[in-house]
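Below you'll find the structure, written out as structure tokens, and then a few comments.
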Amino acid sequence: MADRVTVIGWDGSPLTAAARSALAAATLVAGAAHHLALPEVPPAAERIRLGSVALAARRIAAHRGTAVVLADGDPGFFGVVRTLRAPEFGLEVEVVPGVSSVAAAFARAGMPWDDAQVVVAHRRTLRRAVNVCRAHTKVAVLTSPGAGPAELGLLLEGVHRTFVICEELGTERERVTVVTSDKAADHTWRDPNLVIVIGPAGATEDGGWIAGRDPGAGPRGWSLPADVYGGALGEGEGELLRSAQLARLGPRVGDLVWDIGSGSGAFATEAARCGAGVIAVDRDPGACGRTTLAARRFGVQLQVVHGIAPHILENLPEPDVVRVGGGGAAVVSAVADRRPRCIVTHALTRPAAERVGRDLTEHGYDVRCEFIQSVELDTRAWTERERSVAFLLSGTLPDRSQ
């Protein structure tokens, strides 16, 4: 029985001496069709066309002899090594890496990539990959059939991005194309391909200390004071209420947040600082402008939509979590029809809170309500400076608690 497998990463360049030596001794070789066609694969070796890695791992584990798996790029980076190392197969894995397709793509583009996010897009994760592209200015997307450049461009409607599309890297048919995201759907792209998605701040090349997004960027803390956002905040934007709303929604990387009635842009900006994609909606052009300025001040990416809810919501992409800062029960009901995981809003009176709570319950949400009172004190005289009260309501779908 085989208890050891050598995984060789191939990036289109000549195989290393270690890779050639491992292949020469192989009695079983697994890989894609173009891997199995390499001249270094022994003619007498058993060949497995790699589809399901788990199925191939079972056959390797049962094989009497020396096994090799060929894979594109670095097989330890979103590759086959993770599956082959699963305990149920009992395999000892040795890896001879190649240049990953992500590293090769950025090399072709002549760009650094230590500040890039890397995501895998297939039909199940395409939405979340797109939301990462909304929230970040440099993203490498490892695509798949049905979740490629055209689909990314269509789902990013209204969000300007530049696509660097790298097709068949490392082969004689390699092609690198630069298009704007709105033009990506106008072409047919060859698989496999990788897309580098660049946002408006992507040309900034400050040195960093951590790969990907710097979690320490911007001022420390959440629910920052009003003066950080340029002055007085509107109704429902107080620090305590805002922090409670963020805690209820828990926006994370890969989520899409709707902020309806964005006001100063404080909540939308802080949700974007969590790494989520954000669409901020307001009927007031001035509020839209303030939200744009707040996002720019904090260096976050979000989409601002001017329009009146609930009508403007019809054409927006599906949200994961939603804050309703304005519009009342009618907007909450329209949002609940779209079935986000969680909705938060506030009310100033108990009857209004009860009305919203009943509507969320009728839509199948588990409802919580807390009465929040905030009193700001002048610490020089310890006298009351400002008081605010509100009912905080949140609704969570029981089957989508995560």
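Read the figures in this text as sums done on the coordinates, not as results from a lab. The structure displayed is predicted, hence computed values, not measured ones. Using ideal geometry, Cβ is built from the backbone for each residue, glycine included, and neighbour counts are taken over all protein chains shown.
The C-alpha atoms of the chain define a longest principal axis, and helix 126-135 lies at about 60 degrees to it.
Restricting segment 114-209 to chymotrypsin sites (Phe, Trp or Tyr not before Pro) that sit in a DSSP loop and have at most 11 other Cβ atoms within 10 Å of their own Cβ leaves Trp209. Rounded to whole numbers, the Karplus 3J(HN,Hα) couplings from phi for segment 374-389 are 10, 10, 8, 10, 7, 6, 6, 10, 6, 10, 6, 9, 8, 10, 9, 9 Hz, using 6.51 cos²θ - 1.76 cosθ + 1.60 with θ = phi - 60°, and x at Gly and Pro.
In terms of the mean number of neighbouring beta-carbon atoms within 10 Å, the peptides 287-294, 266-273, 32-39, 69-76 order highest first as 266-273, 69-76, 287-294, 32-39.
In degrees, nearest 10, range 0 to 90: what is the angle between the Cα axis of helix 328-337 and the longest Cα principal axis of the chain? The two axes meet at around 20 degrees.
Taking the helices alone, the chain has a mean residue ellipticity at 222 nm of -7500 deg cm²/dmol, built from -39,500 (n - 2.57) per DSSP H run of at least 4 residues and averaged over all its residues. Under a 5 Å amide H cut-off, with hydrogens placed 1.01 Å from N, His63 pairs with Ala2 among residues at least 5 apart or on other chains.
Across segment 249-263, computed HN-Hα scalar couplings (Karplus, 6.51 cos²θ - 1.76 cosθ + 1.60, θ = phi - 60°) run 7, x, x, 9, 4, x, 7, 10, 9, 9, 10, 9, x, 6, x Hz from first to last residue, x flagging Gly and Pro. Normalised Debye scattering of segment 1-104 at q = 0.13, 0.15, 0.17, 0.23 Å⁻¹ gives log10 I(q)/I(0) of -0.38, -0.52, -0.68, -1.30, counting only Cα atoms as equal scatterers and leaving out solvent. In whole percents, the pair-distance distribution calculated for segment 84-204 from its alpha-carbon pairs, binned every 10 Å from zero, is 13, 44, 28, 11, 3. Once amide H atoms are built 1.01 Å from N in the peptide plane, which residues 5 or more positions from Asp11, or in another chain, come under 5 Å H to H? Long-range HN contacts for Asp11: Gly73, Val99. Seen against the Cα atoms of the chain and their longest principal axis, helix 350-362 is set at about 30 degrees.
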